[in-house]
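Colleague: So that we are looking at the same thing, I have put the structure below in C-alpha cells.
The values are calculated or read from the model by the stated rules, or taken from the named source; none is laboratory data. What you see is a predicted model, and the numbers here were worked out from it, not measured in a lab. Reconstructed Cβ throughout: ideal geometry from the backbone, glycine too, with neighbour counts over all protein chains shown. The accessibility values were calculated without ligands, DNA or RNA, using every heavy atom of the protein model including side chains. Shrake-Rupley method; radii C 1.70, N 1.55, O 1.52, S 1.80 Å.
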Amino acid sequence: MKYAKAKKLAKTGQYHFTFDTLWKKLPKELIEKSTAKNLAIIIDLMYEQKEYGHTEAWRELAS
C-alpha cells in the first residue's frame, strides 16, 4: 500500500522501472517507519543524486 501511494506522489513514479529499482534499495525498517510522502521524497532525492553524479562524472571526463 505504501508502495502504490509513494509511487503516485513521487516525481519519478511515472518511470516504473526506475521507481521500482530505487524502492528496492530502501531498507525495510525505513519503509515501515516512514510515511508514503516521505518515501516519495527520499526516492526523488535518490534519483536526483544519481543524475547529479552522472552529470558531474561526464563533466570531469570532458575537462
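Colleague: Which value in nm describes the separation of the simple spin-label points at LYS25 and LEU45, placed 7 Å from the Cα toward the beta carbon?
Modeller: 1.3
Colleague: Distance in nm between label sites at THR55 and TYR3, each 7 Å beyond Cα in the beta-carbon direction?
Modeller: About 3.1 nm separates the two model spin labels.
Colleague: What number, rounded to the nearest 500 deg cm²/dmol, is the helix-based mean residue ellipticity at 222 nm of the chain, given -39500 (n - 2.57) per DSSP H run of at least four residues and division by all its residues?
Modeller: Numbers: 4 runs with 51 residues, N = 63.
Dividing the helical sum by the residues of the chain leaves -25500 deg cm²/dmol.
Colleague: A follow-up question, please. Counting heavy atoms of the protein chains only and a 1.4 Å probe, report the per residue accessible area for the chain as a whole number of Å². Each step should come with its number before you reach the end.
Modeller: Values: 5050 Å² over 63 residues.
For the chain, the solvent-accessible area averages 80 Å² per residue.
Colleague: Using DSSP to call loops (not H, G, I, E or B), can you name the chymotrypsin sites (Phe, Trp or Tyr not before Pro) in the range 1-36 whose Cβ has at most 15 other Cβ atoms within 10 angstrom?
Modeller: On the way: sites: TYR3, TYR15, PHE17, PHE19, TRP23; in loops: TYR15.
The qualifying sites are TYR15.
Colleague: Among the aspartates and glutamates, which fall within straight-line cross-link reach of LYS50, defined as a Cα-Cα distance under 16 Å, with same-chain neighbours fewer than 8 residues apart omitted?
Modeller: Filter leaves ASP20, GLU60.
Colleague: Could you name the lysines whose alpha carbon sits less than 22 Å from that of LYS33, not counting residues in the same chain fewer than 8 places away?
Modeller: Once the sequence-local lysines are set aside, what remains near LYS33 is LYS2, LYS5, LYS7, LYS8, LYS11, LYS24, LYS25.
Colleague: Based on DSSP H assignment, which helices of the chain show an axial Cα extent of at least 27 Å together with a mean Kyte-Doolittle hydropathy greater than or equal to 0.0?
Modeller: Working: long enough: 36-62 (39 Å, -0.39).
The qualifying helices: there are none.
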